[in-house]
1. Which residue out of L79, L64, L69 is under 18 Å from W379 (Cα atoms), of a type in the set (A, V, I, L, M, F, W, C) and either in contact with a helix residue (DSSP H, G or I) (Cβ under 6 Å, 6 or more places away or on another chain) or modelled with pLDDT of 85 or more (or both)?
2. If you scan the stretch 263-274, which residues turn out to be assigned to a helix (DSSP H, G or I) and surrounded by 21 or more Cβ atoms within 10 Å (Cβ to Cβ)?
3. Which one of V272, V292, V307, V278 is in contact with a His (Cβ under 8 Å, 6 or more places away or on another chain) and β-branched (V, I, T)?
4. Taking the stretch 65-97 on its own, how many of its residues are in a helix (DSSP H, G or I), of a type in the set (G, A, S) and farther than 30 Å from V207 by Cβ?
5. Any chance you could count how many residues in the stretch 132-189 are among the hydroxyl-bearing types (S, T, Y) and either farther than 25 Å from L353 by Cβ or in contact with a strand residue (DSSP E or B) (Cβ under 6 Å, 6 or more places away or on another chain) (or both)?
6. Could you list, in sequence order, the residues of the stretch 408-442 that are modelled with pLDDT under 85 and not in a helix (DSSP H, G or I)?
7. For the stretch 249-261, indicate whether the set of residues that are over 17 Å from T178 (Cβ atoms), buried (at least 18 other Cβ atoms within 10 Å of the Cβ) and in contact with a helix residue (DSSP H, G or I) (Cβ under 6 Å, 6 or more places away or on another chain) is non-empty.
8. Could you name every one of the helices (runs of 4 or more DSSP H) located completely within the stretch 98-210 that has at least 1 residues being over 24 Å from L382 (Cα atoms)?
Amino acid sequence: MSPIRLFISHSNQDKALASGAPPVESRLAREMGTWTATAVVVGSVIGSGIFQTPGLVAGRVDSLGALALLWVLGGMIALAGALSLAEMAASFPNTGGMYVFLRETYGPWAAFLFGWGMLVANPAAYAGGALIFGQSLARIVPALQGWEREIGAGSLLLLVALNIRPVRVGALVLNTATWIKVFGLVALAALAYALSDGIEPGWRAKVTMAPHSWPGFGLALILVMGAYDGWQWVPQLAGELKNPARALPRALGGGVLIVVAVYLATNASVLVLSPSDVTTSSLVAADVARHVLGAAGGALVAALMAVSTFGSNQSGMMTDPRVFFAMAQDRLFFRSVGAIHPRHRTPHVAVALIGLGGILYLYVRNFEELVGTLILGLWPFLALSVAAVIIQRRRDPARPRPYRVPLYPAVPLFFLAACVGIFANSFREQPRFTILNLAVLVAGLPIYLLWRSRAKREAIQQLASPAEP
């Protein structure tokens, strides 16, 4: 091969790695509609957090007004981010979601680091959800106690098997689990007031809007945003939606509004308990259920948590493998991970990879601490994806945008300002926690350079081989 041809092929490979979605993605089955995409949003967000977080948040602010403000503010931030991301999803409706937005706006290095962060962090989240699933079943059936991790591992294996099947199978499971937990939480909130004396008198002395401390308010906001986390994953399914440019904006906006309504109702229900009971509770939703339903209430919440965590992990199993699939198609990950099941048309190798990672984390000592430590590390990429709305409008104003974020640029700027505040407060109050997140991401840079070099060598060899005698 001549030096000129070698240089041209090298440059073309660079462009291919940073260009649009790979052509092969059209082979994924487009079988999902807006309703399922909305269920993915709701199912991804509502996991185990809402059963525990209200008590933790209340303990940090010690004020009814500040408590209400936190959950409303968190909902506004999530909605602003969702509406902003919806514009990117409609403009780049390709498999991979934020991976694609980052690749098209900043280049393959940013997209790879996002995928690297997901590979390190998200399996820990699956393991956390699977363990809570096992613990919830053990509360209902005491004979299962001591087998919580094994039950969790079994649930992940079941999810892998379901998601290797056609995507409509996983969508049916997700829709069922999502709406069971939504109606269950709303019903619990309604029963809390129907079967009690209403708001506990101790809360009436805490109606002030001022929190116990503003730094504590900031840390509580991190907890709230952790409970709202998950809506950003649905664009990863764009390659399997029937009409992604229309379905994704509707699912993102509508799904977040449903979550906000459920969260506000759930937080209102905890007010039937005394402030001290709420702030010292490790599972406040179960305490509310026991308060109004007796012993049966604890079993009811355990069942609801099992459904919720299983559904949340199912939502992740439907979305996260698509990022690794897109990375493999860009030659930034093992090529086999980009394989498509010949019969079911699903990224089965990527699905199995996620499931295996979650099972391995289940047996890592103190992995529970990793869940909270690593998940915040993905938020910088969410901020970059929202900032991409502004960058893309300036860079490519003629690009078709089937959906445009309302009140532009105020909405994306509001979300970005919230992200800056959250990161700054986290660094101030928990510097070790924040630095660890950054260190995990920076560790992906040399790995990216290795994969980049490997992909270029493979491309050059493929072009050179036909010319060999």
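The values are calculated or read from the model by the stated rules, or taken from the named source; none is laboratory data. No experiment lies behind these values; they were computed from the predicted model shown. Neighbour counts run over all protein chains shown; Cβ positions are idealised from the backbone, glycine included.
1. After ruling out the rest, the residue left standing is L79.
2. We begin by selecting, within the stretch 263-274, every residue assigned to a helix (DSSP H, G or I); these are 263-272.
Matches in the stretch 263-274: Y263, T266, N267, S269, V270, L271, V272.
3. On the way: V292 fails: in contact with a His (Cβ under 8 Å, 6 or more places away or on another chain); V307 fails: in contact with a His (Cβ under 8 Å, 6 or more places away or on another chain); V278 fails: in contact with a His (Cβ under 8 Å, 6 or more places away or on another chain).
Testing whether each residue is in contact with a His (Cβ under 8 Å, 6 or more places away or on another chain) and β-branched (V, I, T) leaves just V272.
4. Step one: of the stretch 65-97, the residues in a helix (DSSP H, G or I) are 65-91.
After this cut, where a residue has to be of a type in the set (G, A, S) as well, the list is 65-66, 68, 74-75, 78, 80-82, 84, 86, 89-91.
Of the ones still in play, those that are also farther than 30 Å from V207 by Cβ are 82, 84, 86, 89-91.
Matching residues across the stretch 65-97 total 6.
5. Of the residues in that region, 2 qualify.
6. Of the stretch 408-442, the ones modelled with pLDDT under 85 are 421-442.
Q430, the sole residue that qualifies.
7. Residues of the stretch 249-261 that are over 17 Å from T178 (Cβ atoms), as a first pass: 249.
From the residues that got through so far, the ones that are buried (at least 18 other Cβ atoms within 10 Å of the Cβ) too are 249.
When the remaining residues are screened for being in contact with a helix residue (DSSP H, G or I) (Cβ under 6 Å, 6 or more places away or on another chain), the result is 249.
Yes, the stretch 249-261 contains a residue that is over 17 Å from T178 (Cβ atoms), buried (at least 18 other Cβ atoms within 10 Å of the Cβ) and in contact with a helix residue (DSSP H, G or I) (Cβ under 6 Å, 6 or more places away or on another chain).
8. Numbers: elements: 98-106, 108-140, 148-164, 167-194.
The qualifying helices (runs of 4 or more DSSP H) are 108-140, 148-164, 167-194.
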